[in-house]
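First the structure, in the form of C-alpha cells, and then the observations on it.
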Amino acid sequence: MVTTVDAVFSPDLSTACERPLFMVPVAAGFPSPAEDYLEGKLDLNKYLIKHPAATFFVRVAGDSMIAAGIHPGDILIVDRSIEPADKKVVIAVIEGELTVKRIRRLKDKILLMPENENYKPLQINAEMNFEIWGVVTSVIHPL
C-alpha cells in the first residue's frame, strides 16, 4: 500500500505541558537513581514545533516509507516554512491526493522516492497537478 496521508491536524498550542528532561541515556539493564540526572523541563510543543503558524500534523497510511522509519499510523510533524530541498521527506499533493515521499531533484527532473523496495519512484512532469505542502521534521511513532 502506497504511503498516503490519512488525516491532517493543526497543532494545539494553547496548552503547555512541560515534563522532566533527563539528559543521561537510559540503560536497559540495572536501574539507577534518575533524579541525579534531571536537567530541567521539556515542553514538546517547543521542542518539536519550530514555526507554529506553519506547522501541521498528518497521520500516515501505507508502508512505502518504512525504511525511513515512517510506519502506518505514525503522526508526522510538517513545517511549511522549510524549503523542500533535495533528499527532504515531504508531504506532496499529486492529482488531489496527499502522499509522503523523499524528494529528489536530479538535473531537470523531480522524483518522489519511496523508501521501500516494493514501490517505484514517481517522476513529476509538467502535466501533473503537483504541489509540496511541507517538509516532515519529526515522526511520532508509538511502540
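The values are calculated or read from the model by the stated rules, or taken from the named source; none is laboratory data. What you see is a predicted model; the values in this text were computed from it and never measured. All Cβ positions, glycine included, derive from the backbone under ideal geometry; neighbour counts span all protein chains shown. Surface areas here come from the heavy atoms of the whole protein model, side chains and all, with no ligands, DNA or RNA. Shrake-Rupley method; radii C 1.70, N 1.55, O 1.52, S 1.80 Å.
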| said: The conditions are (1) at pLDDT below 95; (2) of a type in the set (A, V, I, L, M); (3) touching a Leu at 6+ places or on another chain (Cβ under 8 Å), and Leu112 fails exactly one of them. Which is it? | reply: (1)
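Output yes when any residue across segment 56-79 is of a type in the set (Asp, Glu), in contact with a Cys (Cβ under 9 Å, 6 or more places away or on another chain) and more than 15 Å from Asp6 (Cβ to Cβ), and no when none is.
As a first pass, look at segment 56-79 and keep what is of a type in the set (Asp, Glu): 63, 74, 79.
In the following step, the residues that additionally are in contact with a Cys (Cβ under 9 Å, 6 or more places away or on another chain) were identified as none.
Within segment 56-79, none of the residues are of a type in the set (Asp, Glu), in contact with a Cys (Cβ under 9 Å, 6 or more places away or on another chain) and more than 15 Å from Asp6 (Cβ to Cβ).
Working only within segment 114-140, note down all residues that are within 15 Å of the chain's Cα centre (by Cα) and either part of a loop (DSSP other than H, G, I, E, B) or within 12 Å of Val89 (Cα to Cα) (or both). Steps first, please.
Taking segment 114-140 and keeping what is within 15 Å of the chain's Cα centre (by Cα), we get 114-115, 132-140.
Passing the criteria: Pro114, Glu115, Ile132, Trp133, Gly134, Val135, Val136, Thr137, Ser138, Val139.
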| said: Suppose we filter segment 60-91 for residues that are open to solvent by 20 Å² or more (accessible area, probe 1.4 Å), more than 21 Å from Asn118 (Cβ to Cβ) and either assigned to a strand (DSSP E or B) or of a type in the set (A, V, I, L, M, F, W, C) (or both); how many remain? | reply: 3
| query | Hey, among the residues in segment 46-59 that are touching a residue at least 40 places away in the same chain (Cβ under 8 Å), over 17 Å from Ile103 (Cβ atoms) and touching a strand residue (DSSP E or B) at 6+ places or on another chain (Cβ under 7 Å), which one's surrounded by the most Cβ atoms within 10 Å (Cβ to Cβ)? | reply | Thr55
| note | Those residues of segment 69-115 that are among the charged types (D, E, K, R) and in contact with a His (Cβ under 6 Å, 6 or more places away or on another chain) come to a total of 2
| Considering only segment 111-138, how many residues are within 25 Å of Leu48 (Cα to Cα) and open to solvent by 60 Å² or more (accessible area, probe 1.4 Å)? | 3
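Tell me, yes or no, whether segment 92-104 has at least one residue that is touching a strand residue (DSSP E or B) at 6+ places or on another chain (Cβ under 7 Å), open to solvent by 80 Å² or more (accessible area, probe 1.4 Å) and closer than 19 Å to Val2 by Cβ.
Going residue by residue through segment 92-104, those that are touching a strand residue (DSSP E or B) at 6+ places or on another chain (Cβ under 7 Å) are 92-94, 97-104.
From what's left, open to solvent by 80 Å² or more (accessible area, probe 1.4 Å): 97.
Add one more test, that the residue is closer than 19 Å to Val2 by Cβ, and what stays is 97.
Scanning segment 92-104, I find at least one residue that is touching a strand residue (DSSP E or B) at 6+ places or on another chain (Cβ under 7 Å), open to solvent by 80 Å² or more (accessible area, probe 1.4 Å) and closer than 19 Å to Val2 by Cβ, so the answer is yes.
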